[in-house]
1. Might you let me know whether segment B:400-416 holds any residue that is in a helix (DSSP H, G or I) and at pLDDT 95 or above?
2. Please find, within segment A:220-242, the residue that is farthest from A:Tyr82 (Cα to Cα) out of those that are open to solvent by 20 Å² or more (accessible area, probe 1.4 Å) and among the hydroxyl-bearing types (Ser, Thr, Tyr).
3. So which of B:Ile375, B:Ile393 is away from every other protein chain (no Cβ under 14 Å), closer than 30 Å to A:Asp97 by Cα and not in a loop (DSSP other than H, G, I, E, B)?
4. From (1) within 14 Å of chain B (Cβ to nearest Cβ); (2) part of a loop (DSSP other than H, G, I, E, B), pick out the condition that doesn't hold for A:Glu200.
5. Do you know which of the residues in segment A:119-144 that are crowded, with 17+ Cβ neighbours inside 10 Å and in a loop (DSSP other than H, G, I, E, B) is farthest from the other protein chains (Cβ to nearest Cβ)?
6. Hey, among B:Arg208, B:Arg256, which residue is open to solvent by 50 Å² or more (accessible area, probe 1.4 Å) and either touching a residue at least 24 places away in the same chain (Cβ under 8 Å) or closer than 19 Å to B:Asn313 by Cα (or both)?
Amino acid sequence: MRILGIDLGSRTIKWVYFEGENLKDFGVIESGYNPLDKVRPFFEKIRPEKTVATGYGRHLAKEALKAEVVTEIKAHATGIYYLNPEIRTIIDIGGQDSKVIKIDEKGRVLNFLMNEKCAAGTGRFLEIMALGLGITLEDLSQAPLLKNPKIKIGSMCTVFAESEVISLKHKGVSLEEIIMAIHESIAERIMVMLERLGVEEKVAFTGGVAKNKALKALLESKLKLSIFSPDYPEITGALGAALLALKGI
Amino acid sequence: MQRSASFEVKVYPELWKVLDIDIERLDKMRMVLGEVYEKHFLSQENRPKGMAYFDWVISEIHGGRIKEILEAKREGRVVVGTFCIYIPEEIILALDGICIGLCAGSPGTIPDAEKILPRNICPMVKSAFGFNIAKVCPYFQSVDFVYGETTCDAKKKTWEILNEYISTYVMEIPQMKREHDKRLWLEEVKLFIEKMESLSKKKLTLERLLEGIKIMNAKRKALQRLNNLRSFNPAPISGKDCLLIEQIAFYDDPIRFTKKVNELCDELEEKVKRGEGVKDPQALRIMVSGTPMALPNWKLHNIVESLGGMVVNEESCIGTRYFKDLMPEDFSDLESALKALVDRYMKIDCSCFTPNDERVEQVLKEYRDSKAEGIIYYSLAFCHTYNIEAYKIQKACEKEGIPFLFIETDYSPEDIGQIQTRIEAFFETIRERRR
């Protein structure tokens, strides 16, 4: 049976394709204005017999792709459980939101928290900061972890934080210090959610932002434990959706 | 704007003119209300026939009820506008007055309010203030005075400014429940009686007060009866319809309202006997707890019920807190009746009280009574007391193994997508528990 798991995220669309129990292919594409237009070419090529959709645009896919829907929360839990069944706490940072999810020994969601309705602590926040500094996301990821960071970004709001970063730049603060402050601001928000929910080992980091090595290292140092991150962390939700299609929601 | 309306909130231009309403704006607002109402209420399946009355009340929200109120005023009856259940309605009714819960649940008037009030305060207070200064609430334009209270800082300080636009009488509500707090409130009640007596030119007697108590008890009992019927599975009436009735309870004629709620309950009892419900028995049963939802705030209920859930209880001021406590009906003198009235009102477990542990018990009780499967705790942004109290309720729920979801929001539609995701994920966890 041809099975498709698709995660229609705010910034990108992720898909995972199974034939029977075998993972055949996966990919990531930009969401654009009409995500369904982006989906149709490969959807028609694969012609899946069963589709499960997740992500921000899941309800769009419900009719258009005759898909069943699950939330990103359940999809990430299912995906990470498949990749590493020892995980009990998931940090998921995507383009538009961040979440902390606790799962049990069977991969079932026990509890979760999501960020409030703004871009602070999300992938979009990092994109805007990188833009303001004239660097790439890869540059952010490669930045060193500073032992005694001297500056802090106070603003929760992405727009205000951007002006703060720009003024730091003009004050001549080093790029490394600024990047550290940017990562601190996200990490602190995530730590608050983790502490509210209670951290249980082992911890995984998923979503596109999990590719940011510097942020991962910072979270590890704050949590004082090592964090598991899949090779392709952004497709965890799509993988979970495909697995749920396989075994039934 | 053309629309195939089967439902319309009726227009009363002459009446609005007399009341100095911004007619153009209110006309737009009533059209939006009509559309929203048709979409969210009339489209529901297996709706009880008895809801027709409440549909009619909504269609007459900007006119029919106003006419009744203005006629009553001509007879010398005092009309009091409120935003709180901490108002001794028994006394208002005893002196032939009318008590009206004022408009406070729409985002449309918030920009008006923000010209004067700070942005970072509760949307309910801003919405209400906006309704007044924008002159788009016929109720505001009809009342003799607004009854304000001291249950939160945003309200308390807004009354001072509101008083510049409309006569606002403020009653101090104690925030602890010691003996001297009760004595303070008895004094406040007596001052309120003086105010009502001087406006109505009537004297409060024991007989009159007993009349008021009986009307209120009957109304609260009818609402209790309706709420109890929701505990059956499948529930014979939707959460949205019940919330609507709880909202209408604050401005409809109390005697007619009680009769209509009881008639609806007769119908629902028959449905329960036949095992009929509005949704299939598998629908998730959700209890809502927290900040009150003023008309027309149906945001959370709309999301929950459009996702296949069923709201079976509102632990809120617009909800059980309004009708859970009755008053005795046998007194030999006025003073002891007033003391009993104070006792009744002091049972209100509003989050303005500290400590407020009885609310935690009440939430757990209502969860069991309503046979819910999870609690969604609803806090309006900047509603500090309900927001902070969520912590204690959550801890109690965790201890009891009750699924709990916290939602903080306001009246704007921008976060509907995120709330939907949270509620869907909450439903997924409850469904997994069922297995």
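The values are calculated or read from the model by the stated rules, or taken from the named source; none is laboratory data. The model shown is predicted, which means the values in this text are computed figures rather than measured ones. Quick reminder, even Gly has a Cβ in these numbers, built from the backbone with ideal geometry, and neighbours come from all protein chains shown. Note: accessible area is taken over every heavy atom of the protein model, side chains too, but ligands, DNA and RNA are not part of it. Shrake-Rupley method; radii C 1.70, N 1.55, O 1.52, S 1.80 Å.
1. Here is the first cut: in segment B:400-416, the residues in a helix (DSSP H, G or I) are B:400, B:413-416.
If we keep only those that are at pLDDT 95 or above as well, we get B:400.
Checking segment B:400-416: at least one residue is in a helix (DSSP H, G or I) and at pLDDT 95 or above.
2. Filtering segment A:220-242 down to residues open to solvent by 20 Å² or more (accessible area, probe 1.4 Å) leaves A:220-226, A:228-229, A:231-232, A:234.
Still in the running and among the hydroxyl-bearing types (Ser, Thr, Tyr): A:221, A:226, A:229, A:232.
On the way: A:Ser221: 26, A:Ser226: 19, A:Ser229: 13, A:Tyr232: 14 Å.
Out of the qualifying residues, it is A:Ser221.
3. Values: B:Ile375 fails: away from every other protein chain (no Cβ under 14 Å).
B:Ile393 is the lone residue from the list that is away from every other protein chain (no Cβ under 14 Å), closer than 30 Å to A:Asp97 by Cα and not in a loop (DSSP other than H, G, I, E, B).
4. (1)
5. Ranking the candidates gives A:Ala143 first.
6. Values: B:Arg256 fails: either touching a residue at least 24 places away in the same chain (Cβ under 8 Å) or closer than 19 Å to B:Asn313 by Cα (or both).
Of B:Arg208, B:Arg256, the one residue that is open to solvent by 50 Å² or more (accessible area, probe 1.4 Å) and either touching a residue at least 24 places away in the same chain (Cβ under 8 Å) or closer than 19 Å to B:Asn313 by Cα (or both) is B:Arg208.
Here is a yes/no grid of residues against (1) assigned to a loop (DSSP other than H, G, I, E, B); (2) open to solvent by 10 Å² or more (accessible area, probe 1.4 Å); (3) over 18 Å from B:Leu117 (Cα atoms):
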position: B:Ser142; (1), (2), (3): yes, no, yes
position: B:Tyr165; (1), (2), (3): yes, yes, no
position: B:Val170; (1), (2), (3): no, yes, yes
position: B:Met176; (1), (2), (3): yes, yes, yes
position: B:Arg183; (1), (2), (3): no, yes, yes
position: B:Leu191; (1), (2), (3): no, yes, yes
position: B:Ile213; (1), (2), (3): no, no, yes
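This table checks each residue for (1) touching an Asp or Glu at 6+ places or on another chain (Cβ under 8 Å); (2) in contact (Cβ under 8 Å) with a residue 40 or more places away in the chain; (3) of a type in the set (Gly, Ala, Ser).
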{"site": "B:Ile100", "(1), (2), (3)": "no, yes, no"}
{"site": "B:Ile110", "(1), (2), (3)": "no, yes, no"}
{"site": "B:Ala113", "(1), (2), (3)": "no, no, yes"}
{"site": "B:Pro123", "(1), (2), (3)": "yes, yes, no"}
{"site": "B:Lys155", "(1), (2), (3)": "yes, yes, no"}
{"site": "B:Trp159", "(1), (2), (3)": "no, no, no"}
